[in-house]
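Peer 1: Shown below is the structure under consideration.
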Amino acid sequence: MKKLILGLFMTVLPALTMAAAPTVPLDTMEPDHTNKPSLQRGAALFTNYCLGCHSLEYARYMRVADDLEIPREMYEENLIFTGAKIGELIEIGMDKSEAADWFGNAPPDLTLVSRVRGEDWLYSYFRAFYKDEGRPLGVNNAVFENVGMPHVLTNMQGLCAVPPKIGTNPSVDPLSGDVRGTDICGEWAIEGTMEPVEFNRAMYDLTNFLSYMGDPVKVERERLGILVLIFVAIFFVFAYLLNREYWKDVH
Ligand code: HEC
């Protein structure tokens with residue numbers, strides 16, 4: 001009995017730890033790994049703005065190119081700046097201990113970040129930077145307090161003068177269904193090149209890409225799952241008929 005109770009406790013333990021997750025209010029986003037154009041735009045954004053500091057060292061360029069349906073030569077020409085071969089892992093040259101000196105913390109690898117933080121957190125975090133002269137880099141983040149990362153997308157988003165309102169404006173864009181809280185900033189310190197709606201879409205793509213990174217076989221797994229269920233359903237008919245045949249003479 002004791003063992004049974006212990007067993008039950010161990011089963012619910014992971015659920016309990018998950019429930020203790022974020023305390024900051026977040027905007028939500030629904031990832032879609034079948035939306036290849038969105039993933040391609042996300043990959044381009046990541047390569048241009050993030051790969052200088054963050055590696056994706058558990059993934060290979062080739063795999064990403066194939067999954068995202070980007071021809072390998074095109075990927076090699078446009079999305080690999082380090083001279084790496086298409087078959088290599090997506091690593092970077094930045095020295096971790098030096099980076100920790102510059103930013104306070106070293107930029108972590110982001111291959112599995114969507115599994116750790118969740119998509120809603122990422123989507124909110126990317127949009128939550130604001131001006132804060134008290135911080136070493138002049139910016140802070142409403143979702144990740146006292147973050148060491150600079151606001152690398154200032155030219156696109158602009159820089160909000162006050163903490164942006166994340167998770168307080170649950171409006172859904174009727175056109176796309178996924179863009180929420182477009183007017184999160186009350187006052188801009190620097191104007192960006194993108195409208196808030198455009199920037200939200202770009203951050204949707206970036207988050208979608210990182211979500212794919214954390215679970216690259218999701219689409220295939222779900223496709224196979226359906227095939228397996230169809231097989232089981234068909235097999236059931238034959239198993240049932242066979243069963244009936246076997247037991248026919250017993251009663
Ligand atoms: C100049 C270097 C630099 C660039 C460029 C950069 N980051 Fe960062 N990033 C950091 C540092 C440093 C941290 C660690 C911050 C901390 O722990 O205080 C970080 C943290 C993060 C985190 C939080 C990780 C975690 O779970 O704690 C995410 C997510 C992230 N970055 C995503 C991005 C994305 C996406 C881009 C591109 C748009 C990007 N970063 C560009 C330096 C950078």
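Peer 1: Return the residues of segment 73-108 that are open to solvent by 70 Å² or more (accessible area, probe 1.4 Å) and farther than 15 Å from CYS53 by Cα; say none if nothing qualifies.
Peer 2: GLU73, MET74, GLU76, GLU77, ASN78, LYS85, GLU88
Peer 1: Read through the list (1) within 11 Å of the ligand (Cβ to nearest atom); (2) under 17 Å from CYS53 (Cα atoms); (3) touching a residue at least 12 places away in the same chain (Cβ under 8 Å), then give the number of the only condition that THR111 fails.
Peer 2: The single condition THR111 does not satisfy is (1).
Peer 1: Of the residues THR207, THR182, which is at pLDDT below 95, of a type in the set (S, T, N, Q) and closer than 27 Å to ARG115 by Cα? I'd like the intermediate steps shown before the answer.
Peer 2: Numbers: THR207 fails: at pLDDT below 95.
Being at pLDDT below 95, of a type in the set (S, T, N, Q) and closer than 27 Å to ARG115 by Cα holds for just one of THR207, THR182, which is THR182.
Peer 1: Now, a different point. Restricting to segment 50-99, name every residue that is within 16 Å of the ligand (Cβ to nearest atom), out of contact with any Ser or Thr (no Cβ under 9 Å at 6 or more places or on another chain) and of a type in the set (D, E, K, R). Quick ask: steps written out before the conclusion?
Peer 2: Applying the first criterion (within 16 Å of the ligand (Cβ to nearest atom)) to segment 50-99 yields 50-59, 64, 79, 81-82, 90-99.
Imposing the further condition that a residue be out of contact with any Ser or Thr (no Cβ under 9 Å at 6 or more places or on another chain) reduces the set to 50, 52-54, 64, 82, 95-99.
ASP95, LYS96, GLU98, listed by residue number.
Peer 1: Still on this structure: Among the residues of segment 20-50, how many are assigned to a loop (DSSP other than H, G, I, E, B), under 30 Å from ASP101 (Cα atoms) and open to solvent by less than 30 Å² (accessible area, probe 1.4 Å)?
Peer 2: 1
Peer 1: Could you please tell me which pairs satisfy a Cβ distance under 9 Å, a separation of 6+ or placement on different chains, a first residue in segment 39-67 that is free of Cβ contacts under 8 Å to residues at least 40 places away in the same chain and over 18 Å from THR154 (Cα atoms), and a second residue that is assigned to a strand (DSSP E or B) and more than 15 Å from the ligand (Cβ to nearest atom)?
Peer 2: ARG60/LEU89; TYR61/LEU89
Peer 1: Going through segment 150-162 one residue at a time, which ones are open to solvent by 50 Å² or more (accessible area, probe 1.4 Å) and assigned to a loop (DSSP other than H, G, I, E, B)?
Peer 2: Initial filter on segment 150-162 (open to solvent by 50 Å² or more (accessible area, probe 1.4 Å)): 152, 155, 162.
Residues satisfying the conditions are VAL152, VAL162.
Peer 1: Give segment 117-136 a look and list any residue that's without any contact (Cβ under 8 Å) to a residue 24 or more places away in the chain, more than 20 Å from ASP183 (Cα to Cα) and either within 8 Å of the ligand (Cβ to nearest atom) or surrounded by 15 or more Cβ atoms within 10 Å (Cβ to Cβ) (or both), or say none. So that I can check it myself, show each step before the final result.
Peer 2: We begin by selecting, within segment 117-136, every residue without any contact (Cβ under 8 Å) to a residue 24 or more places away in the chain; these are 117, 125, 132-135.
Going one step further and asking which of them are more than 20 Å from ASP183 (Cα to Cα), we end up with 117, 133-135.
Within segment 117-136, ARG117, ARG135 qualify.
The values are calculated or read from the model by the stated rules, or taken from the named source; none is laboratory data. Quantities reported herein were computed from a predicted structural model and do not represent experimental measurements. We place every Cβ from the backbone using ideal geometry, glycine too, and count neighbours over all the protein chains shown. The area values use the complete protein model at the heavy-atom level, side chains included, leaving out ligands, DNA and RNA. Shrake-Rupley method; radii C 1.70, N 1.55, O 1.52, S 1.80 Å.
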